[in-house]
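Participant: Take a look at the following structure, please.
All of the numbers you see were taken from the coordinates with simple rules; none came from a lab. All of these numbers come straight from a predicted model, not from anything done at the bench. Here the Cβ positions follow ideal geometry from the backbone for every residue, glycine too, while neighbour counts run over all protein chains shown.
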């Protein structure tokens with residue numbers, strides 16, 4: 001059955017993947033976190049006033065000569081190494097020619113058939129714990145384009161615009177484009193693999209410190225190539241390229257959508273048009289952009305204004321030595337150190353809590369407490385506000401030290417578990433640190449053993465039948481009495497102490 | 001070298017955003033053909049033992065440190081622009097592409 005979503009028909013996902021094998025290709029553009037642009041000394045700060053970070057080189061003025069940013073080349077090599085690539089011994093930049101106002105030079109300086117890094121792979125872990133190896137075809141250096149603002153159209157889009165306004169602050173910011181080989185054989189899990197790949201890449205690049213990889217600010221952008229082949233067929237179908245899919249969730253959704261759309265076209269007896277598609281975050285669909293065949297004539301040629309890049313093997317090895325521990329190895333090491341089960345570790349990972357737990361343990365908390373307090377209530381509240389725990393905690397000013405303080409209050413015997421939960425809620429409500437909240441709310445285990453003993457006596461007297469069972473050896477019945485004692489004490493008692501007292505009183509014989 | 005066709009010229013004109021009339025297209029086929037022919041004499045050069053090159057100097061790895069240098073002011077940057085608005089370069093609307 002075919003249903004219509006937006007303008008075009010799609011086949012339900014399950015039916016689509018039952019009949020076809022998806023092949024994916026992902027192109028990820030990463031803006032490097034260098035202080036200056038790729039070929040000139042203009043700064044790269046995000047959000048600066050328009051056209052305040054420009055010079056004759058990045059404006060393409062006559063006579064200006066580009067010079068390569070040394071740090072950008074090093075970052076590109078490090079990225080290549082982290083992706084298990086070979087590093088070119090000699091490579092050049094090339095001009096990619098096209099006439100469009102986002103590039104004032106009328107070409108983008110890129111690399112064509114001689115990328116700095118090639119033939120690598122990245123292992124990504126899927127939700128069920130299995131690993132999928134994504135092969136990397138190449139990673140090459142290039143420069144970002146300017147930003148256009150379309151004026152006069154009702155929607156701020158190109159259609160209906162009277163003219164466009166261009167800001168060249170972003171033009172020339174160093175980019176590394178990472179291109180995968182076709183990802184085949186993932187079947188129905190193609191959307192998950194796509195998302196896991198982008199997430200793993202993001203974590204890796206962040207750990208390396210080469211980019212701030214903020215997808216929402218555009219410092220990491222993803223294009224999704226997709227084609228379908230009839231199940232079991234070896235040949236690849238006609239592909240579409242969906243541009244600017246700029247969140248992890250959208251990567252997964254865009255793949256699913258395109259699988260369904262291609263499948264509807266193919267089962268309807270049609271053929272897929274090779275074209276660029278635009279992703280619409282709000283409606284979750286793609287729409288047709290320009291036809292590929294019109295645009296792909298870029299007449300590349302070697303950039304005559306730049307000399308070749310030829311990193312020595314010593315340079316490459318020196319850069320390899322600067323790579324951080326790979327995220328997968330780091331996760332294994334931390335899981336061992338923290339003594340978490342696979343399930344616990346996965347929950348911590350999926351919630352994005354690894355760094356926070358690490359900081360909290362470093363601050364003096366036990367791994368169990370760190371995991372416990374950063375999951376649960378905080379996660380529930382963060383989720384309710386549509387954010388993640390780290391951002392939420394940062395906004396509230398809740399820190400690893402607060403967790404350490406809370407754990408000390410429990411260990412020191414001042415709070416029991418349910419009181420600690422109340423204190424934590426107070427901390428999250430902005431009432432101050434744990435000790436402050438406990439003081440303000442008057443939360444403290446009653447240390448007065450007289451009061452506890454009186455409560456135990458009262459509860460035993462009120463429940464002679466239960467007391468008899470315990471005397472007879474049915475120790476498990478003690479739970480019912482502990483509950484009542486805690487109620488008598490309004491929760492402000494140490495449950496373990498109550499248990500000891502009750503069992504003392506009701507010892508057999 | 002294969003002859004330049006009228007379609008080739010029309011295609012290149014489209015890529016270069018140059019609007020040519022039929023008469024201009026006809027004229028350009030002839031003129032560009034002559035230029036290509038003249039340049040093609042280079043192909044007769046004996047290059048069997050010559051390494052391909054893209055730069056006249058045999059140098060590699062010319063880089064600069066990642067240090068910020070002075071930029072133009074927005075006024076300087078926009079000084080040569082035929083039109084500007086909101087401190088941005090104003091360009092004619094762009095059709096059929098995003």
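Participant: What are the extents of the Cα atoms of chain A along their three principal axes, in Å, largest first?
Facilitator: 98, 56, 51
Participant: First measure r as the distance between the Cβ atoms of residue A:387 and residue A:19, then evaluate 1/(1 + (r/R0)^6) with R0 = 30 Å and state the FRET efficiency to the nearest 0.05.
Facilitator: Using R0 = 30 Å, I get an efficiency of 0.15.
Participant: Relative to the longest principal axis of chain A, what angle (0 to 90°, nearest 10) does the C-alpha long axis of helix A:70-82 take?
Facilitator: 60 degrees
Participant: Now for a separate question. Tell me, what is the percent relative contact order of chain A, built from C-alpha pairs under 8 Å that lie six or more residues apart? Working shown, then result.
Facilitator: Values: 881 pairs, mean separation 72.3, N = 509.
Value for chain A: 14 percent.
Participant: Based solely on its DSSP helices, what 222 nm [θ] is calculated for chain B when runs of n ≥ 4 H residues each add -39,500 (n - 2.57) and the sum is averaged over all residues, nearest 500 deg cm²/dmol?
Facilitator: -10500 deg cm²/dmol
Participant: Another question, if that's okay. Kindly state, to the nearest 0.05, the FRET efficiency for residue B:23 paired with residue A:238, given R0 = 35 Å and r defined as their beta-carbon distance.
Facilitator: The calculated FRET efficiency here is 0.35.
Participant: Let me ask something additional. Quick check on chain A: helices-only [θ] at 222 nm, where DSSP H runs of length 4 and up contribute -39,500 (n - 2.57) each and the sum goes over total residues. Nearest 500, please.
Facilitator: -12000 deg cm²/dmol, from helical runs alone.
Participant: Using a simple spin-label model with points 7 Å from Cα along the Cα→Cβ vector, what separation in nm is obtained for residue B:81 and residue A:267?
Facilitator: 5.1 nm
Participant: Compute the distance in nm between two label points, each set 7 Å from the Cα along the Cα-to-Cβ direction, one at residue A:396 and one at residue A:474.
Facilitator: 4.2 nm
Participant: Just counting partner chain Cβ atoms within 10 Å, what average do the residues of peptide B:51-57 show around their Cβ?
Facilitator: That works out to 3 on average.
Participant: If R₀ is 22 angstrom, what is the calculated FRET efficiency for the pair residue A:379 and residue A:212, using the beta carbon separation as r and rounding to 0.05?
Facilitator: Plugging the Cβ-Cβ distance into 1/(1 + (r/R0)^6) gives 0.35.
Participant: While we're looking at this one, here's another question. Given an 8 Å cut-off on Cα distances and at least 6 residues of separation, report the relative contact order of region A:3-298 as a percent.
Facilitator: Value for region A:3-298: 24 percent.
Participant: Expressed as cubic angstrom per residue, what is the convex hull volume of the alpha carbon set of region A:342-440?
Facilitator: Normalising the Cα hull of region A:342-440 by residue number yields 91 Å³.
Participant: I need to check one value: relative contact order of chain B, counting alpha carbon pairs closer than 8 Å and at least 6 residues apart, in percent. Working shown, then result.
Facilitator: Working: 28 pairs, mean separation 15.4, N = 98.
It rounds to 16 percent for chain B.
Participant: For region A:448-487 and region A:345-395, compute the distance between their C-alpha centroids and round to whole Å.
Facilitator: Centre-to-centre (Cα) distance: 38 Å.
Participant: If packing is taken as the mean number of other Cβ atoms within 10 Å per residue, what is the order of A:29-42, A:183-196, highest first? List each step's numbers first, then the result.
Facilitator: On the way: A:29-42: 23.1, A:183-196: 19.9.
Per-residue Cβ counts within 10 Å, averaged per peptide and sorted highest first, yield A:29-42, A:183-196.
Participant: Ordered by packing density, taken as the mean number of other Cβ atoms within 10 Å over each peptide's residues, highest first, how do A:420-427, A:314-321 rank? Walk me through the numbers on the way to the answer.
Facilitator: On the way: A:420-427: 20.2, A:314-321: 13.4.
My ranking of the peptides, most packed first, is A:420-427, A:314-321.
Participant: Can you give me the distance in nm between label points at residue A:454 and residue A:440, each placed 7 Å from the Cα along the Cα-to-Cβ direction?
Facilitator: So the two model labels end up 3.1 nm from each other.
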